[in-house]
Amino acid sequence: MGNRLSKIYTRTGDDGTTGLGDGSRTAKDSARVTAYGTVDELNSAVGIVLACEIPERVREVLTQAQHDLFDLGGELCIPGMAMVHADDIERLEQVLDAFNEDLPPLKDFILPGGGLAAAHCHLARTICRRAEREVVTLARHDAVRGEAVRYLNRLSDLLFVIARVLARASGHGEVLWQHERRKRG
């Protein structure tokens, strides 16, 4: 195990830079810091879903996702590091297919909602999409492994499906977009 933080503040970031995992320093608003910062934000949003009452299988899947996201943040923080792999993406796909199998086919758009846990899961999904966009932006300037983008893409899909599962499990049901709610005249 690496070094433990015994002192939380170092004052080294007071100049607007932060240290990367390889010891180099970069601007706090760099594409790399933005990308791994949003992955950290996503991990926190998943933690909020986990703080809700949710089915045990969903809890297991989201807990694993939190560990993966921590690994992904490390990968983005340490240029050249590889911590998220194809088998992690395949695992997400298998879980996604299993959860989706019991859901009715979508015929309408779903609005974020369907109970507290589902709404939090929808928020995590949107943060995941932002993290994906920011990793793509980073990849335009620096080397980023394709697994990072693919992992976030699959995770956002999984979070959407889990939000559907949670809306149904809570008894609230899914909130459907009513496209014909306005009278045209």
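The values are calculated or read from the model by the stated rules, or taken from the named source; none is laboratory data. Not measured: the values here are computed from a predicted model. A quick note on method: Cβ atoms are made from the backbone with ideal geometry, for glycine too, and the neighbour counts reach across all protein chains shown. Surface areas here come from the heavy atoms of the whole protein model, side chains and all, with no ligands, DNA or RNA. Shrake-Rupley method; radii C 1.70, N 1.55, O 1.52, S 1.80 Å.
Observations
- Some residue of the stretch 171-183 being within 22 Å of Ala119 (Cβ to Cβ), open to solvent by 60 Å² or more (accessible area, probe 1.4 Å) and in a helix (DSSP H, G or I): no
- For the stretch 103-139, a residue qualifies if it is open to solvent by less than 30 Å² (accessible area, probe 1.4 Å) and free of Cβ contacts under 8 Å to residues at least 40 places away in the same chain, and exactly one does: Glu132.
- Residue in the stretch 101-116 that is assigned to a helix (DSSP H, G or I) and out of contact with any Ser or Thr (no Cβ under 9 Å at 6 or more places or on another chain) present: yes
- Tally, over the stretch 80-102, of residues that are at pLDDT below 95 and surrounded by 11 or more Cβ atoms within 10 Å (Cβ to Cβ): 1
- A Cβ distance below 9 Å, combined with a sequence gap of six or more or placement on separate chains, defines the contacts here; from the stretch 59-80, residues that are closer than 27 Å to His141 by Cα reach residues that are polar (S, T, N, Q) and part of a loop (DSSP other than H, G, I, E, B) in the pairs Pro79/Ser24.
- Against the conditions (1) within 15 Å of the chain's Cα centre (by Cα); (2) surrounded by fewer than 16 Cβ atoms within 10 Å (Cβ to Cβ); (3) farther than 30 Å from Leu176 by Cβ, Glu147 satisfies every one except (2).
- Residues that are within 15 Å of the chain's Cα centre (by Cα) and in a helix (DSSP H, G or I), drawn from the stretch 75-90: Glu75, Leu76, Asp88, Ile89
- Considering the stretch 51-74, the residues that are of a type in the set (A, V, I, L, M) and buried (at least 16 other Cβ atoms within 10 Å of the Cβ) include one that is farthest from Cys128 (Cα to Cα), namely Ile54.
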